Structures are given as C-alpha cells and as structure tokens.
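Following: one structure in structure tokens, then a few remarks.
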Amino acid sequence: MPAATLPPRRLRLGVFAPMAGHHIGGWRLPGAHPGGEDFSVMLRIAQQAEAACFDLFFLGDSLSVGPSSTPSVAARFEPLTLLSALAAVTRHIGLAGTATTSYGDPYTLARQFASLDHISGGRAAWNIVTSSNATAPYNYGRDGRADHQARYDRAAEFVEVARGLWDSWEDGALLRDQASGRFLDADRLHALNHDGPHFSVRGPLNLSRMPQGHPVLIQAGSSKAGQDLAATVGEVIFTAQESLDAAQDFYRGLKARIAAAGRDPDAIAIMPGVQPIIGATPEAAAALYRDLQEAVSLPLALQGLSLELGHDVTGWPLDAPLPPLPPTEGIKSRAELLAGIAAREGLTLRQLALRAAGARGHCILVGTADQVADRMAEWFDSGAADGFNIMPPYLPGGFDAVAAELVPRLQARGLAQTAYAGRTLRENLGLAAPANRHAARRKQATGN
C-alpha cells in the first residue's frame, strides 16, 4: 500500500465494534448479528475498516455479567486475545484494547500489550479504564468497588509502572550474536525497582523494547479525575458528547489542561463517539432509526440506564421526570451527561431510557451519508473533535454503510486518509515514539 500524503490536519477514525452493536435494539433487526462470540464477524469488520483506512479497531470490555446485562456486554471476547488473532490477518490498522487498572497488576498488563505490539508489528493501543462496574470487584476477590478518586489514584500509579516496564530494555539490548554467544547487553537492561502506595514491582519486563516503544495510550474518562489522567498520559481521548456546543466546551477545556501539563495539545487526538444511522434518503434513515427504537426492550433499556446513572431506576415512575440524583461512584461524567439531557429537555424516565438505548449519551447522526459527513465535518472544523470513534448501531450492516458510503465522502473532501502513511500506529497517527528514559540518561552521560 503506498504511503499517503496527508493534509496538515485530518480526521482520525476508529471503529468501536461490539458483536451485538451499540444500539440496544440493533441485534433484533433483520440481518443483524444477534451477538455472542463470532470471530468471523470481528474479522470482517476489522478488514473492512482497514480497507477504508481507519486508524483504529477499538474493543471495549466488561468484567462482570448478569441477567440484566445488555446484549453487547453479556457475551464477548476478551479483548487482547481477540486483537492478537486479528493482528495476524491485518497489516495496517491499529488494534486498541480496553484493560482496567483496578484489578490485576501492571507487570502482566505491560507484558500483554508489549506482546501485542510485537505480534502486530507496532499497532497496539491501550484504552485505560478504572472499571466503575459495581459487580466486577466480586470476580476479583474484592468486597466492593473502590471510590472514584481512589480508582484514579491507583490508575495513575498503574500507568506509571507500566511505562517504566516498557523502558526496561533499551534499543539494541537484545544482541542475539550467535558467533560470540552474547544474547543481550546487560548494560542496556534495567530493573524498575518501583515501590509505591499500590504496587511494588522490581522488573525488568521479559520482552525487549516494542516496535512503538510504548503502545498508544487512550483515555476515556471525562470526569475531573479522568481529564487529569488524560491530560498527563492520554494520546487519544475517547469521550461522549451529545451536542456540538458540549463537544466544543470539552475540547477547549481538555486541550487547555494538556497544555498546562506541559504537553503539546495539537499532538493529542480527541475522538468523540458517534453513531451514524445512514439511509439512502433522509426518510430512509429516519425509518431505520424508528425501527431501532421500536426494537428496544424497555426493561433492558432501564437496566442499561441504571448502569450509566449509577442508580437502579427500574422501579421508578416511568412517566415522571428523572428526579435529582445523588453523586455516584460509577461513571460520574456519563451520569452527569444523561441527567443533564433529561433536565434540559424535560424528559421522563421512559424517554431518557429510550434515548440512552441508542448510544448511551454519545451523538447519534441520522441521515444520508452526505448529511452525516456534513455533521462530522462541522464538528472537526469548529474545534469539537480531532476525529471520531464510530459506534455502529448493529453489525454487520450498520458498519457496511459507514465503510461503503460515509468514509468515501469524507475522503473525497480531503478529511480522511486514503492510504496509511507509516508502518506503526504511532506513525499513522503522527505521534512521536516515546524516548527510552535509560537511553536518554546514557546519552546525557556519554554524549552518544
């Protein structure tokens, strides 16, 4: 594939592809995949996205399941296992997996992502989350969920340790000199010896330095604590913003935080989630959206809304306004977003549940491919987004329309790439490889 000549600024595109799609009713449409575990569907979407020159194939995760779980969550592959399989059958697209900092340990996670980066030739990305789900702790021997700030305190140290482990090996440390018998240069292999409030990790990591140096770091928190972490470590920011005004406010605020942290805000890509619902005509698109909404099970929508709000609303009056909610230790930013929509628009609980069933507070774009491209271009041009994480309402048809109709229109406008510019995900995103801290010290000490 030839290298691309990119404009100074262009849309970054990811596809976030749960098997049952993002719309709670999507799996019930004729021709939709009903969910579960089917590698052939994930392979199809990844290869379609690569043919359309998407930057990222993105996987979410959930660490618990129950009778009230939504179809996209109830049964799903473990992300890094699936991405490793996809690495063997793709060549260019970035492979982004969600992994929590609230359970497990940094050494194992650092090893897993380093392995994925080596296997894929430098295409790994880590979506850093703190696991707000209230039932997940019981699968990991915990008595309950830690509070919001405590989760982020642990996350900051977790990321610090992982980054230190990825710097264990300098470039050139792995000699593999069969003639001399020297396998590695011990002077270029470094123990971490981290001892902090949450973790004690000696290191070094038992993999050599990965092709990208570190995987691309994605951060999806929009609360104050989430934005603080994003500003210090995030390289791609995944966020939920339903309106242009809200997206612009978030964009300006986070870019200012990034600058205040001493980083280049132009190097960090903010990518809101969007759900395109595309029809050949505006009327056809509207009809498809109606079909999706009519396929929603209200009890399931209420259970999903309860998860987003951090409060069980299943027994509350359906046709009364959403009452004021106390703070949650769950996803604070999402609860505030949805409660704000209900307050501004005077929605009843029923109306809010059906609204959230579509994209959980992310922006839904209903129209022809040209109309959806217009809206995406408006967000991009007006300082609301550097790109988008596409959230198909159902698979595979909901992404077929994106790949075949929407992306070619964005490419024709010069907004989206038509070929991959580099070999690694960092190169394709225009991100510099992180300097190895030990190599930097060596250079400073020796001048070499």
| said: Can you give the FRET efficiency to the nearest 0.05 for Arg413 and Arg91, using r as the Cβ-Cβ distance and R₀ = 35 Å? | reply: 0.85
| remark: For Lys443, the aspartates and glutamates lying under 12 Å Cα to Cα, once residues fewer than eight places off in the same chain are dropped, come out as Glu170
| task | May I ask you to compute the full-extension gain from Ala150 to Arg9, defined as 0.36 nm times their residue separation minus their alpha-carbon distance, rounded to one decimal in nm? | result | 47.0 nm
| query | Nearest 0.05, what FRET efficiency do Arg202 and Leu43 give at R0 = 41 Å with Cβ-Cβ as r? | reply | 0.55
| Fraction of beta bridges assigned by DSSP in the chain that are antiparallel (%, nearest 5) | 15 percent
| field | 5 angstrom amide H check on Asn389, placed H, neighbours 5+ away | value | Gly14, Gly273, Val274
| Tilt of helix 332-345 relative to the longest C-alpha principal axis of the chain, in degrees (0 to 90, nearest 10)? | 30 degrees
| query | In what sequence, highest mean first, do 31-40, 146-155 appear when ranked by Cβ atoms within 10 angstrom? | reply | 146-155, 31-40
| Leaving out ligands, DNA and RNA, what percent of the accessible area of the range 84-164 is carbon and sulfur, probe 1.4 Å? | 47 percent
| query | With every protein chain kept in the model, how would you rank Trp27, Trp126 by accessible area, 1.4 Å probe, largest at the top? | reply | Trp27, Trp126
| message | For the chain, what does the accessible surface come to per residue with a 1.4 Å probe? Please give it in Å². | response | 42 Å²
| request: Report the label-to-label distance for Asp195 and Asp381 in nanometres (one decimal), using points 7 Å from each Cα along the Cα→Cβ vector. | output: 5.9 nm
| the chain - Rg over Rh from alpha carbon coordinates, Kirkwood radius | 0.97
| field | Distance from the range 166-221 to the range 133-157 (C-alpha centre basis), Å | value | 28 Å
| remark: Net charge near Ser200 (other residues with Cβ under 14 Å of its Cβ; Lys, Arg +1; Asp, Glu -1) is -2
| Considering only protein heavy atoms and a 1.4 Å probe, what is the carbon-and-sulfur percentage of the accessible area of the range 294-448? | 53 percent
| Hey, with R₀ at 22 Å, roughly what FRET efficiency would Thr108 and Asp400 work out to, going by the Cβ-Cβ distance, to 0.05? | 0.05
| Among 434-442, 222-230, how do they line up from the highest to the lowest mean number of other beta-carbon atoms within 10 Å? | 222-230, 434-442
| query | What lysines could a cross-link reach from Lys224, if we take a straight Cα to Cα line under 28 Å and drop same-chain neighbours fewer than 8 places away? | reply | Lys255, Lys332
| task | Multiply the residue gap between Ala432 and Ala287 by 0.36 nm, knock off their C-alpha separation, and tell me the result in nm, one decimal place. | result | 47.7 nm
| What length, rounded to one decimal in nm, is gained on full extension from Glu157 through to Asp245, with 0.36 nm per residue of separation minus their alpha-carbon distance? | 28.3 nm
| task | Run the quick spin-label model on Thr232 and Ala134: label points 7 Å from Cα toward the beta carbon, then report their separation in nm to one decimal. | result | 2.9 nm
| remark: Protection proxy (average C-beta count within 10 Å per residue), highest first, orders 195-203, 394-402 as 394-402, 195-203
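The values are calculated or read from the model by the stated rules, or taken from the named source; none is laboratory data. This is a predicted model, so every value here is computed, not measured. We place every Cβ from the backbone using ideal geometry, glycine too, and count neighbours over all the protein chains shown. Calculation scope for accessible area: heavy atoms of the full protein, side chains included, ligands and nucleic acids excluded. Shrake-Rupley method; radii C 1.70, N 1.55, O 1.52, S 1.80 Å.
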